[in-house]
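The values are calculated or read from the model by the stated rules, or taken from the named source; none is laboratory data. What you are looking at is a predicted structure, and each value in this text was computed from that prediction instead of being measured. Neighbour counts are summed over all protein chains in view; Cβ atoms, including those assigned to glycine, are modelled from backbone coordinates with ideal geometry.
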Amino acid sequence: MTSIGRVYEVVGGVYRVQLENGTSVDSSLRGRLKARPWKGGRVVIGDRVRVALDGGDATVEEVLPRTTAFLRRGAHGRTAKVMAANLERVVVVMSARDPDLSLGYLDRILAVCAANALPCTLVINKQDLPGARAASKPVRDLYRRIGYEVVLASAESGLGLRRLRSVAVRGICALVGPSGTGKSSLLNRLDPSLGLRIGELSPKTGTGRHTTVTSRLLRLSDGTLVADTPGFGDVGLWGVPAGRLDRCFPEIGALGEGCRFRGCSHVHEPDCAVHESVRSGGVARSRYTHYQALLEEVD
Ligand SMILES: Nc1nc2c(ncn2[C@@H]2O[C@H](COP(=O)(O)OP(=O)(O)OP(=O)(O)O)[C@@H](O)[C@H]2O)c(=O)[nH]1
Ligand SMILES: [Mg+2]
Ligand SMILES: [Zn+2]
């Protein structure tokens, strides 16, 4: 007998699948699937799979086509890392402080989402901490102007949780961001029965301690599917040629039409509409700097 289901966790070679009838099975992977015959590499959370059930044994026989895949460049640059499949949105969770919000990280991860054609929402968490509101407002205004949805939140006070829930119910999403920004804390607030592990920050560095260790697709009490993921620091773009990088920065990509040269890289060319806009205060200098940094890294 076979059944269709969705992978919600992968631990030590065991693929935990929720079947369409609601039951959950721990499956192994059919040998030929380990040979990575399909685009995007290994089987990940969110993948829809066909599972063969034989007595107590469950085996993933087939991976159904993906609608999306969250790919980024691996730490050593040569391979793509796939974190989740079939997501409909990414929720980037940064903290206003503890750890401090890094605009460099933020622009990279937003570009990765755009490269994967995934819409994203930015959450700036820990608004209860002193100075957080003042530090977050200019960031919120900048990204709203570009067109991103921004939610100021606090897992401590509950600020922004209603909006976060309204984002989550729109489709399958994953919370991603640096370690320690409060991804698991926010999810616990959305559904306390999840009981996710929360970790203290390192007193020495003020950064997270990588408390969440595997990505997991969770079902909230209202049926919504949301993934909690381990914080990561390496955010590289995968599969974006230099000539297309500007489209991963929407406000920069939109100006390209006004450049003298078609295919303008917006770095050294004369009569560049992007240069002009940076000079006159349109495109934010931080965004432009991060665009240039990424341009050095892409294929
Ligand atoms: N003051 C304050 N602290 C928070 C908030 N959200 C989370 N924290 C604290 O931040 C620390 C890290 O929280 P986690 O939820 O484990 O962070 P995470 O993003 O899941 O981290 P990783 O699993 O390592 O990626 C914990 O000490 C939380 O109590 C918040 O809104 N305000
Ligand atoms: Mg966590
Ligand atoms: Zn240009």
Exercise for review: Look at segment 171-208 and say how many of its residues are more than 24 Å from residue 108 (Cβ to Cβ) and touching a residue at least 12 places away in the same chain (Cβ under 8 Å).
Suggested key: 9
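Just one of 79, 59, 121 is β-branched (Val, Ile, Thr), at pLDDT 95 or above and over 23 Å from residue 161 (Cβ atoms); which is it?
59
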**Study point:** Hits in segment 190-210 - residues which are touching a Gly at 6+ places or on another chain (Cβ under 8 Å) and surrounded by fewer than 18 Cβ atoms within 10 Å (Cβ to Cβ)
**Key:** 199, 201, 202, 207, 209, 210
Point to revise | segment 7-28 residues that are exposed (fewer than 12 other Cβ atoms within 10 Å of the Cβ), paired with ones that are outside any strand (DSSP E or B) (beta carbon under 6 Å, 6 or more apart) | key: 11/214
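Okay, residues lined up against (1) within 15 Å of ligand 2 (Cβ to nearest atom); (2) charged (D, E, K, R):
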{"site": "147", "(1), (2)": "no, no"}
{"site": "152", "(1), (2)": "no, no"}
{"site": "163", "(1), (2)": "no, yes"}
{"site": "178", "(1), (2)": "yes, no"}
{"site": "181", "(1), (2)": "yes, no"}
{"site": "191", "(1), (2)": "yes, yes"}
{"site": "199", "(1), (2)": "yes, no"}
{"site": "206", "(1), (2)": "no, no"}
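Each row is one residue, and each column tells you yes or no for (1) among the acidic types (Asp, Glu); (2) more than 18 Å from residue 5 (Cβ to Cβ); (3) without any contact (Cβ under 8 Å) to a residue 60 or more places away in the chain.
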residue	(1), (2), (3)
50	no, no, yes
56	no, no, yes
68	no, yes, yes
77	no, yes, no
108	no, yes, no
115	no, yes, no
128	yes, yes, yes
Exercise for review: Please state which of the following conditions residue 242 fails to meet, knowing it meets all the rest: (1) within 16 Å of ligand 1 (Cβ to nearest atom); (2) touching a helix residue (DSSP H, G or I) at 6+ places or on another chain (Cβ under 8 Å).
Suggested key: (1)
Check your understanding: Does residue 287 satisfy the criteria of being among the charged types (D, E, K, R), within 15 Å of ligand 3 (Cβ to nearest atom) and farther than 26 Å from residue 181 by Cβ?
Key -> no
Exercise for review: State whether one or more residues within segment 106-118 are out of contact with any strand residue (DSSP E or B) (no Cβ under 9 Å at 6 or more places or on another chain), surrounded by fewer than 22 Cβ atoms within 10 Å (Cβ to Cβ) and not small (Gly, Ala, Ser).
Suggested key: no
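Only one residue in 168, 153, 134 is over 20 Å from residue 231 (Cβ atoms) and not basic (Lys, Arg), so which one is that?
On the way: 168 fails: over 20 Å from residue 231 (Cβ atoms); 153 fails: over 20 Å from residue 231 (Cβ atoms).
Of the residues listed, the single one that is over 20 Å from residue 231 (Cβ atoms) and not basic (Lys, Arg) is 134.
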Exercise for review: For residues that are touching a strand residue (DSSP E or B) at 6+ places or on another chain (Cβ under 8 Å) and over 30 Å from residue 68 (Cα atoms), scanning just segment 133-145, find the one that is nearest to ligand 2 (Cβ to nearest atom).
Suggested key: 136
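So how many residues does segment 169-183 have that are among the small types (Gly, Ala, Ser) and surrounded by 23 or more Cβ atoms within 10 Å (Cβ to Cβ)?
Taking segment 169-183 as the starting set, the residues that turn out to be among the small types (Gly, Ala, Ser) are 171, 174, 177, 179-180, 182.
Next, only the ones that are surrounded by 23 or more Cβ atoms within 10 Å (Cβ to Cβ) stay: 174, 177, 180, 182.
Of the residues in segment 169-183, 4 are among the small types (Gly, Ala, Ser) and surrounded by 23 or more Cβ atoms within 10 Å (Cβ to Cβ).
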